[in-house]
Amino acid sequence: MLLVVDNGSIYTKKLTDFLTQKNISFEKQSPQLLNLDLLSNYDSFIISGRRKNEKKINEINSKIIIHCIKNNSKLLGICYGAEILALTLGGTIRKIPSLQKGNESIEIIRENSICKNSINVFESHSFEISKLPSILIPLAKSKNCKYEIIQYEKKPIFGTQFHPEMSKDGNDLIESFCLL
């Protein structure tokens, strides 16, 4: 069962509508209401983007990431989800000079199981990963962002700086992730 962790992104409804349309079974939960003792009920997780930075929400999402690493559970971190993945493992993020919002072409730089070709996606972020921990591998980049897609080495744990729920190519990436 897939758990969608809803961190308050304005795009989460597009994600859940897509999952419903594809008949992908999931539950949606906000981090504040999530019982961390029940994480073993799920075999895959999607961590959504967010609207505001809250220490408690960051701690809960980090615990989900650690659970996924320890249990070999699948994880897709979207935007903030990719950033908290990097932060949890010792990376850093930074505020960028201006909001990145709009369509972006992403170049795949390493073979992977969720995305085969260069893709067109939708960006909406004002932070980005600035230092990637060595356990995370960059899979894709764009002219504006060095780490568009990342993966935990040899595990089905991914992060996207963009919002895959907002484009056709991104939806294909989400579907590939769910079918892993």
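Evaluate the range 30-44: report whether one residue or more is among the charged types (D, E, K, R) and under 15 Å from the mean Cα position of the chain (by Cα).
no
Matching residues to (1) touching a Lys or Arg at 6+ places or on another chain (Cβ under 6 Å); (2) surrounded by fewer than 17 Cβ atoms within 10 Å (Cβ to Cβ); (3) aromatic (Phe, Trp, Tyr); (4) modelled with pLDDT under 95:
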position: ASN7; (1), (2), (3), (4): yes, no, no, no
position: GLU27; (1), (2), (3), (4): no, yes, no, no
position: SER30; (1), (2), (3), (4): no, yes, no, no
position: ASP43; (1), (2), (3), (4): no, yes, no, no
position: ILE60; (1), (2), (3), (4): no, no, no, no
position: ASN71; (1), (2), (3), (4): no, yes, no, no
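So which of SER134, SER130, SER142 is over 15 Å from the mean Cα position of the chain (by Cα) and surrounded by fewer than 15 Cβ atoms within 10 Å (Cβ to Cβ)?
Just one listed residue meets the conditions, SER134.
Among the candidates ARG110, ARG51, which residue alone is surrounded by fewer than 19 Cβ atoms within 10 Å (Cβ to Cβ), more than 17 Å from the chain's Cα centre (by Cα) and under 21 Å from PRO164 (Cα atoms)?
Going through ARG110, ARG51 in turn, the sole match is ARG110.
Going by what's in this entry, would LEU36 be described as touching a Lys or Arg at 6+ places or on another chain (Cβ under 6 Å) and of a type in the set (A, V, I, L, M)?
Criteria met by LEU36.
Cβ contacts < 8 Å: first residue more than 13 Å from LYS168 (Cα to Cα), restricted to the range 100-126; second residue among the acidic types (Asp, Glu) and surrounded by fewer than 15 Cβ atoms within 10 Å (Cβ to Cβ), any location; separation 6+ or different chain. Result?
Close Cβ pairs satisfying both conditions: none exist.
The values are calculated or read from the model by the stated rules, or taken from the named source; none is laboratory data. Please read all numbers here as calculations on a predicted model, not as lab measurements. Backbone-built Cβ (ideal geometry, glycine too); neighbour counts: all protein chains shown.
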